[in-house]
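Any read-out appearing in this document is the output of simple, stated calculations on the displayed coordinates, not a laboratory observation. This structure is a prediction, so every number in the text was calculated from the model and none was measured. In this analysis, Cβ positions are derived from the backbone assuming ideal geometry, glycine residues included, and neighbour counts consider all displayed protein chains.
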Amino acid sequence: MTSGLQMRMPSGASSDAVCPAISDEFLQFRRPRCPPLSSGFARDGDDHTTIDSRRRERPYDGPMMKKTFLRASLAMGFMLLCELAQATTFTAGAGRADIAIPDDIYPIDGFVGQHDPLATRVILLDDGTTRLGIIVVDQTSLSDESIANMKDALQQVAQVAPAQTIVSASHGFSAPHVLPHEHTSPDVQAQSTRMQQALLNAVRSAALSAVKSMTIAQVGYGEGVSRVNVNRDVSTPFGWWLGANGEGNSDPALSVLRIDTARGAPLAVVINYAVQSSVMDGSTLKAGGKLITSDLAGVATRYVEQHGGAPVAAFLVGAAGDQAPRRQANRHVVNHDGSVTRVDSHEEGFTLLDQLGTELGRAATEVSGGIHAAATPTLTLERKSVTVTSQTNSPGNAPKGPVTTYTYTPGRPVALPVVLIRIGDIALVGVQPELAAQIGERIKAESPFAHTWVLTMVDGAAKYLPDDASYNRFTYEARSSGFAQGSADKLVDAVHGWLNDLHRAAPHP
């Protein structure tokens, strides 16, 4: 599946049998260094026999010389094997922690209680040269300040450089926002500070668990199909609006990366799927107020953790800008006069959430179960940016219903950051904006890698980056976007060039 040497040891043997320093050092999550090769040999002036072709004082075939030569050969072999093990061993760790929301913080951001826990998950990957961190947080989105704090926390706990870490929100819509202090009341500021601390505590806890679980590992890849998602742009007599469009474009690909220990025990499962985690978006209790939930991604990952054998399952949202769960608790309706409203099933929505989340989790578990994890990949992370044209957008002119005409106002050029990660023959492309599914499919279809994932909500959020059809239809995403029409084409072209460069530079078997 991928390039890179795989360290083979006798059945039942531990790494201590090869290099005793490894296990103790792994507990501290440091890459040990073997002693210099010369340390196994005597030097001139030592009280030991020296192997030197220039010296003839002692016959080469004498018993003492033969023993010394044997010891030297064994020492050299030991050191070389030690260096080989440390140079080529792929290690990984994973951890999760619930976000402990204070009981006395309610009401917060419209929420009056909690239905199920939010969580953070941390994945650590290390090929002996490059160490990567992946943090996934059950939040709608994350501010630059929050992301920086989380990367700093991971660096302190796991020695992963911030530039080598990505932070992604699972993009559930039923979690309190951690708002910047600017333009907010003192009460909101206090709540945001407490939520920020709860998030950081969970990241640190998950990171500690990931460090403790670091072990020699192998990875495998699988792909299946799930129809939990549906295109959410619906045509009406009054223009395009939100809903469930079973005939619209949707990407059903369910991609799974499984990380196993050297003995074949699942360590973590990483899922990439194009859907917003929004079954309970905007749904309230009959008595009023909303309940916090990790929503679709949370139910699905917990199912994998409980039934798939892996203690940690992380959800990386794909190109889901125009993708919603096929059913939602609080569904959109366009009335006969063109006005819009929503119909809420209230508490019954949690039954729907459990059904859809279990369906997605079961599909991911089936894909994971069919994976043969045997690859020990090399790792690469690169950060790029592409210049695109912005368009004027503000909360004041946010879409409030369908329209048949709309005028876009282009803005100044802006840099759109892109993260490229190579895990062997798997490429991950990460961006901040929510891409339309069709854009994600284009990136994957033209990639030179055997497997390509498209991730959104990576290291920030930037609303939507729709496809051309969305702009022409004046969809919710196009009118909400901060990027002008044509930006997607520039992104796709740039990404394909970078992926080709990355593929050419990658070691191949």
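Once amide H atoms are built 1.01 Å from N in the peptide plane, which residues 5 or more positions from Lys463, or in another chain, come under 5 Å H to H?
Residues meeting the criterion, in which the H sits 1.01 Å from N, are Glu434.
With a point put 7 Å past each Cα toward its Cβ, work out how far Val333 is from Thr392 in nm, to one decimal.
Distance between the two pseudo-spin positions: 3.6 nm.
Can you sort Ser368, Ser480 from fewest to most other Cβ atoms within 10 Å of each residue's own Cβ?
Ser480, Ser368
Taking θ = phi - 60°, what integer Hz values does the Karplus form 6.51 cos²θ - 1.76 cosθ + 1.60 yield along the stretch 129-134, in sequence order, with x for Gly and Pro?
10, 10, 10, 10, x, 10
Kindly write out, for the stretch 270-281 in residue order, the coupling ³J(HN,Hα) from the Karplus curve 6.51 cos²θ - 1.76 cosθ + 1.60 (θ = phi - 60°), rounded to whole Hz, with x marking Gly and Pro.
Each residue's phi maps through the Karplus curve to give 10, 10, 10, 8, 8, 7, 6, 7, 9, 4, 9, 4 Hz.
Using R₀ = 41 Å, calculate the FRET efficiency as 1/(1 + (r/R₀)^6) where r is the Cβ-Cβ separation of Glu223 and Arg342; round to 0.05.
E(calc), rounded to 0.05, equals 0.75.
Lys/Arg Cβ at +1, Asp/Glu Cβ at -1, dipole of the stretch 379-505 taken about the Cα centre: which of Tyr408, Phe449, His496 is farthest positive-ward?
Final value for the positive-end residue is Tyr408.
What's the ranking of 344-353, 105-114, 126-135 by average number of surrounding C-beta atoms within 10 Å, highest first?
So the order, starting with the most tightly packed, is 126-135, 344-353, 105-114.
Label point 7 Å out from Arg383 along Cα-to-Cβ: which residues of the stretch 116-149 have amide N under 12 Å?
What the label zone holds, given the 12 Å backbone N cut-off, is 148.
Would you mind checking which residues have amide H under 5 Å from Thr165's amide H? H placed 1.01 Å from N; only 5 or more apart, or other chain.
It is Gly133, by chain and number.
Order of Thr456, Thr91, Thr184, Thr284 from fewest to most other C-beta atoms within 10 Å?
Ranked by crowding around the Cβ, least crowded first: Thr184, Thr284, Thr91, Thr456.
Would you order His183, His171, His177 from fewest to most other beta-carbon atoms within 10 Å of each residue's own beta-carbon?
Listing His183, His171, His177 from fewest to most nearby Cβ atoms yields His183, His177, His171.
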